[in-house]
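Working notes, structure below.
The values are calculated or read from the model by the stated rules, or taken from the named source; none is laboratory data. What you see is a predicted model, and the numbers here were worked out from it, not measured in a lab. A quick note on method: Cβ atoms are made from the backbone with ideal geometry, for glycine too, and the neighbour counts reach across all protein chains shown. Just so you know, the surface numbers come from the protein's heavy atoms only, side chains and all, with ligands and any DNA or RNA stripped out. Shrake-Rupley method; radii C 1.70, N 1.55, O 1.52, S 1.80 Å.
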Amino acid sequence: DCVPCKGGVPPLTADEIKPLLEKLGGDWLVVENHHLEKLYTFANFAEALGFVNRVGELAEGQGHHPAICLAWGKVKLLVWTHKIDGLTVSDFVFAAKADAVL
């Protein structure tokens, strides 16, 4: 499960991020050592919207809320810990769970 960040901790360093990203796999990118990003593609708008709804339910249940960009047949997720404006282990946990609801 995602562990809520109460702040006061530093974001992960590039050296800490690398093994977590390798374990995550699945075409996730780390952008500027700040956030995770992934583009999912779907056959149509309805399938993309269905995925957004499942990720939204996951986010509410975990208390971990990504930025979600929805377009016809595409969903982009951006995941980071807002409280520290960077990445934590919980961001990688959430990313893996987002892949699982696919």
Quiz item: Considering only protein heavy atoms, what per residue accessible area in square angstrom results for the chain with a 1.4 angstrom probe?
Solution: 57
Exercise. Amide H neighbours of GLY86 under 5 Å, at least 5 residues apart or on other chains, H built in the peptide plane: list them.
Key: THR81
Quiz item: Share of the chain's accessible area from carbon and sulfur, percent, 1.4 Å?
Solution: 57
Quiz item: Which entry in (i) 7.0; (ii) 8.2; (iii) 5.9 is this structure's computed mean projected area of the Cα convex hull in nm²?
Solution: (iii)
Quiz item: Over 19 Å between Cα atoms, which of LYS76/LYS97; LYS18/LYS38; LYS18/LYS83; LYS18/LYS74 qualify?
Solution: LYS18/LYS83; LYS18/LYS74
Self-check item: 3J(HN,Hα) from dihedral phi, the stretch 34-46, Karplus parametrisation 6.51/-1.76/1.60, rounded to Hz, x for glycine, proline
Solution: 10, 8, 8, 9, 8, 10, 9, 10, 9, 6, 6, 5, 4
Quiz item: Out of residues 5 or more away from LYS74 or on other chains, whose amide H comes under 5 Å of its own, with H placed 1.01 Å from N in the peptide plane?
Solution: PHE42
Practice problem: Tell me what the chain gives for mean residue ellipticity at 222 nm when only DSSP H runs of n ≥ 4 count, each as -39,500 (n - 2.57), the sum divided by the residue total, rounded to 500 deg cm²/dmol. | Solution: -13000 deg cm²/dmol
Quiz item: At a Förster radius of 25 Å, what calculated FRET efficiency corresponds to the Cβ-Cβ distance of ASP27 and LYS6, to the nearest 0.05?
Solution: 0.20
Quiz item: What is the extension gain from ASN53 to THR41, computed as 0.36 nm multiplied by their sequence separation minus the C-alpha to C-alpha distance, in nm to one decimal?
Solution: 2.8 nm
